[in-house]
Structure formats: C-alpha cells, structure tokens
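Enquirer: My questions all concern the structure below.
Derivation of every value follows stated rules applied to the coordinates shown; laboratory data play no part. Note that the structure is a prediction, hence the values are computed from the model and not measured. Using ideal geometry, Cβ is built from the backbone for each residue, glycine included, and neighbour counts are taken over all protein chains shown.
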Amino acid sequence: MQTEHSLVRIGPDFDGGYLVPNDLENIQAVFSPGVSETLGFDLEMSDRCDHCYLADASVGEPKNMPPNMSFLNKFIGNSNDADFISFDEWVASNEPGGQDLLLQMDIEGAEYDVINTAADGVLSRFRIILLEFHDFENVFDRGRFDSFCKTINKLNETHILCHLHSNNTKPYYTFENTLVAPVFEASFIRRDRVQSVIKPALAPHPLDQANSEKLPDERIPRFWLV
C-alpha cells in the first residue's frame, strides 16, 4: 500500500539499493544481517542513525567501517552457538531499549526461520523492515508454502507492506505464462507510523532499478497487484 511516507532510494544503483519509506528521522539503530562486498546501504544509514550493526559468518570484517558501525562474525539464526546467534539475542544485546530501529535482512533463505521464531514483540521494535525473500520457486511445495505464509502473516500483524520489487539476480521461472522472480525485495513500515493508508501502491515504482544487467528485468507480476 502507498502511505503518506514517500519512498526514497538508499544505497548504490542496481543491486544493494533499497526503496525505503521516508520516515527515517530519529531512527536509533540499523541491524543489517547479511554483508555484501559493498556497504553502500549501511554507510548511508550510518550517517542517519546512532549505530549500525552488521552480522555475517561467511565474510570477514569489512574494511574502513565508520566508528558507529560494528561487525559480528556470526550467522543470524534461531539458536546460539559458535557460528550462530539468535535474532532475539542479537537485538537485545545491542539495543535493549530501542523502539525505533531499522532492519535490513538479506540472509539467503534463512529469513523465514528467523522471522518465524522471533519472539513476540521483537519485530515491533523495528519501525522499518527491508527484507529480501529467497527461494520463491519452492512456493509450490506445501511445507515451504506454509513457511512463507507464516512469515508474511507474522509481518503483516505489525507492519504494512509499502513496496515490492522483483530481484533479477536469479533467472525467473514461468507460472501461467507469467515470469516470476524467485527472489524479491519487500519494504515494510510499522503500522503505528501510518495514519492513513492512501491507496494501492504504484508498481513498479519510478525509483526501481534492475538488480542485474545480465538478466531480463520483468519488474513485477500482475497478480501481485491489488
């Protein structure tokens, strides 16, 4: 849905940039699990918030991080051990009282387990949530479908979907003569930040960009639209 908060693009062109509701004033901290080669989004957000927390066990600590950015060499999961830290523990240990946080999550398919096992009330601490959903080619598997639905329904309890974008870094598949991206990006804003839902959102948005120049960019399937 299109809300009273216009969308702005934060991060680099093409892959790594996100459309974000322009309700960023007084964002306390950013949590960014899944670290890419470039920190374009995180660097821009570090200028807008008190602290930016990164986590990823598949890469080393990024170079030249600003003083208000920290890196944890662990995966975000639903347990705590040598390689993993639970999402709840990660948030609580860094921002125990924060209520105006931003989450940007790109963890290659683990997002479903992380969101589905997050304790009640944790997600509602995030004013804005930016999620990259993966593995949507498995939506016709009953077990995976149920997991996808649980994630989306849980997010909808506390947040409103305000942007959706097909990610063309992986080849699309065909469903009823429509090309569908197995990876897509979604932007959510917490419900208490929206005084009125104006109308169904414009899709594709004028600020959208293809994530890759190597594959066709179908933008958005028609059946996603209200």
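Enquirer: Based on other C-beta atoms within 10 Å, arrange 124, 187 from fewest to most. Working shown, then result.
Expert: Working: 124 14, 187 23.
Arranged by neighbour count, lowest to highest, 124, 187 become 124, 187.
Enquirer: Mind counting lysine pairs for me in the range 7-224? Cα separation below 26 Å, and the two need to be 8 or more apart along the chain or on different chains. Before the final figure, lay out the partial values.
Expert: Values: 63/74; 74/150; 74/154; 74/170; 150/170; 150/199; 154/199; 170/214.
Counting lysine pairs in the range 7-224 gives 8.
Enquirer: Express the Stokes-Einstein translational diffusion coefficient of the range 32-119 in µm² s⁻¹, to the nearest whole number, given a Kirkwood radius over alpha-carbon pairs, 10 °C and a viscosity of 1.306 mPa s. Show your work: numbers first, answer last.
Expert: Numbers: Rh = 13.4 Å.
Rounded, D is 119 µm²/s.
Enquirer: Another question, then. Put +1 on the Cβ of every Lys and Arg and -1 on every Asp and Glu Cβ in the chain; which of 38, 162, 18 then has its Cα farthest towards the positive end of the dipole?
Expert: So the residue furthest toward the plus end is 162.
Enquirer: On the principal axes of its Cα set, how long, how wide and how thick is the range 96-171? Give whole Å, largest value first.
Expert: 40, 25, 20
Enquirer: Once amide H atoms are placed 1.01 Å from N in the peptide plane, what residues at a sequence separation of 5 or more from residue 175, or on another chain, have their amide H within under 5 Å of its amide H?
Expert: 180
Enquirer: In addition: Output wanted: per-residue J couplings in Hz (rounded whole) for the range 147-152, from phi through Karplus 6.51 cos²θ - 1.76 cosθ + 1.60, θ = phi - 60°, x for Gly and Pro.
Expert: Working through the residues one at a time gives 5, 4, 4, 4, 4, 5 Hz.
Enquirer: Starting from the Cα coordinates of the range 130-192, work out the convex hull volume and express it per residue in Å³. Write out the running numbers ahead of the final one.
Expert: On the way: hull volume 5.2 nm³, N = 63.
Cα-based convex hull of the range 130-192, divided per residue, equals 82 Å³.
Enquirer: Give me the base-10 log of I(q)/I(0) for the range 15-71 at each q in 0.30 Å⁻¹, Debye formula, one uniform scatterer per Cα, rounded to two decimals.
Expert: Evaluating at q = 0.30 Å⁻¹ gives log10 I(q)/I(0) of -1.45.
Enquirer: Here's something else I'd like to know. Is the C-alpha gyration tensor of the range 109-226 telling us rounded, prolate or oblate? Criteria: a/c under 1.5 is rounded; beyond that, a/b larger than b/c is prolate, otherwise oblate.
Expert: Values: a/c = 1.89, a/b = 1.27, b/c = 1.48.
Since a/c reaches 1.5 but b/c is at least a/b, the shape of the range 109-226 is classed as oblate.
Enquirer: If we count other beta carbons within 10 Å of each Cβ, what is the order of 46, 166, fewest first?
Expert: Values: 46 20, 166 24.
Exposure proxy ranking, most exposed first: 46, 166.
Enquirer: Regarding the chain, what's the average projected area of the Cα-atom convex hull, expressed in nm²? Walk me through the intermediate numbers first.
Expert: Numbers: hull surface 49.4 nm².
Averaged projected area of the chain's Cα convex hull equals 12.3 nm².
Enquirer: Let me ask another. Please report, in debye to the nearest 20, how large the charge dipole of the chain is about its Cα centre when each Lys and Arg carries +1 at its beta carbon and each Asp and Glu carries -1 there. Write down the numbers at each step before the final one.
Expert: Numbers: 18 positive and 36 negative charges, 129 e Å.
It works out to roughly 620 debye.
Enquirer: Now a separate question. Apply the Karplus parameterisation 6.51 cos²θ - 1.76 cosθ + 1.60, with θ equal to phi minus 60°, to every residue of the range 194-207 and state each ³J(HN,Hα) to the nearest whole Hz, in sequence, with x for glycine and proline.
Expert: Once rounded to whole Hz, the list reads 10, 7, 7, 7, 6, 5, x, 6, 6, 9, x, 7, x, 8.
Enquirer: Further question on the same structure: Using helices alone, what [θ] at 222 nm do you get for the chain, with -39,500 (n - 2.57) per DSSP H run of 4 or more residues, divided over all residues and rounded to the nearest 500?
Expert: Helix-only estimate at 222 nm: -5000 deg cm²/dmol.
Enquirer: Taking neighbour counts of Cβ atoms within 10 Å as a proxy for exposure, in what order, fewest first, do 89, 137, 176 appear? The partial results should precede the final answer.
Expert: Numbers: 89 13, 137 17, 176 7.
The most exposed by this proxy come first: 176, 89, 137.
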